[in-house]
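Chemist: Supplied in C-alpha cells, the structure appears directly below.
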C-alpha cells in the first residue's frame, strides 16, 4: 500500500460514520489483496506473505463489525468467514487460493454496504477532527485538499 493510499484511508476514516467505515475496511482489504496478488505474480514471496497477512487482519476487523445475534449479520458473517478461511489457507500454502473469487464475493457485498451507507443518516464517528475541503485550486490540474480549523482548543485529551 502506498503512502498516498494510507493517507486517503486515514482521511476517509476520520470523516465517515459506522456504515462508511465498513466501506473503508472493504477497500483496505481489496488494496492489500491486490498488492498480494501482484507480489505473487512478480515472484516476491515476502511481499506476498506480508500483504496477505495485512489483508487477513483488515478482513478480521471487517468481520468484527457485524453482529452474529442478528439474522442478516449471521448471513454476512458466513460469507466473510469463508473469505477469511481462504486467507488462512493462502498463508499456509503460500499461494493465492481462490482470492480472485473471494474479492468478487466481497465486491458483491460492498454494493449492499454502499446502499446501506447511502440511507444511513448518522454523523461521523470521530468527533473533533478537521473538516477536509477538496477542490481544484491553483494546483496545476491536481486536486488539492485543505483543512480549515481555527479553534484548536477542543482537540486532544483534556484533564
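The values are calculated or read from the model by the stated rules, or taken from the named source; none is laboratory data. It should be emphasised that the depicted structure is a prediction, and the values quoted were computed from it without experimental measurement. For neighbour counting, all protein chains shown are included, and Cβ atoms are generated from backbone atoms with ideal geometry for every residue, glycine included.
One line per residue, one yes/no per condition, for (1) in contact with a helix residue (DSSP H, G or I) (Cβ under 9 Å, 6 or more places away or on another chain); (2) surrounded by fewer than 14 Cβ atoms within 10 Å (Cβ to Cβ); (3) modelled with pLDDT under 95; (4) assigned to a helix (DSSP H, G or I):
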site: 26; (1), (2), (3), (4): yes, no, yes, yes
site: 62; (1), (2), (3), (4): yes, no, yes, yes
site: 68; (1), (2), (3), (4): yes, yes, yes, no
site: 74; (1), (2), (3), (4): no, yes, yes, yes
site: 78; (1), (2), (3), (4): no, yes, yes, yes
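Chemist: Any idea which residue in region 95-113 is farthest from residue 46 (Cα to Cα), counting only those that are touching a residue at least 40 places away in the same chain (Cβ under 8 Å) and exposed (fewer than 15 other Cβ atoms within 10 Å of the Cβ)?
Modeler: Out of the qualifying residues, it is 107.
Chemist: Before we move on, is residue 92 assigned to a helix (DSSP H, G or I), modelled with pLDDT of 90 or more and surrounded by fewer than 11 Cβ atoms within 10 Å (Cβ to Cβ)?
Modeler: In short, yes.
Chemist: Quick one: would you say residue 38 is out of contact with any helix residue (DSSP H, G or I) (no Cβ under 7 Å at 6 or more places or on another chain) and under 17 Å from residue 100 (Cβ atoms)? Break it down stepwise before answering.
Modeler: Details: out of contact with any helix residue (DSSP H, G or I) (no Cβ under 7 Å at 6 or more places or on another chain): yes; under 17 Å from residue 100 (Cβ atoms): yes.
Spelling it out, residue 38 is indeed out of contact with any helix residue (DSSP H, G or I) (no Cβ under 7 Å at 6 or more places or on another chain) and under 17 Å from residue 100 (Cβ atoms).
Chemist: Oh, and also: Checking residue 17 against (1) surrounded by 15 or more Cβ atoms within 10 Å (Cβ to Cβ); (2) in contact with a helix residue (DSSP H, G or I) (Cβ under 7 Å, 6 or more places away or on another chain); (3) farther than 15 Å from residue 112 by Cβ; (4) modelled with pLDDT under 90, which single condition isn't satisfied?
Modeler: Condition (2) is where residue 17 drops out.
Chemist: Kindly evaluate residue 38 against the criterion of being part of a helix (DSSP H, G or I), surrounded by fewer than 16 Cβ atoms within 10 Å (Cβ to Cβ) and without any contact (Cβ under 8 Å) to a residue 40 or more places away in the chain. Before the answer, list the steps.
Modeler: Values: part of a helix (DSSP H, G or I): yes; surrounded by fewer than 16 Cβ atoms within 10 Å (Cβ to Cβ): yes; without any contact (Cβ under 8 Å) to a residue 40 or more places away in the chain: yes.
Judged against the criteria, residue 38 is a match.
Chemist: Please tell me if residue 48 is farther than 24 Å from residue 108 by Cα and surrounded by 16 or more Cβ atoms within 10 Å (Cβ to Cβ).
Modeler: Taking the combined requirement at face value, the residue satisfies it.
Chemist: Hey, any hits in region 110-117 for a residue that's closer than 19 Å to residue 11 by Cα and either over 20 Å from the mean Cα position of the chain (by Cα) or modelled with pLDDT under 90 (or both)? Show your work before the answer.
Modeler: Restricting attention to region 110-117, the residues satisfying the condition of being closer than 19 Å to residue 11 by Cα are 114, 117.
Subset that is either over 20 Å from the mean Cα position of the chain (by Cα) or modelled with pLDDT under 90 (or both): 117.
Yes.
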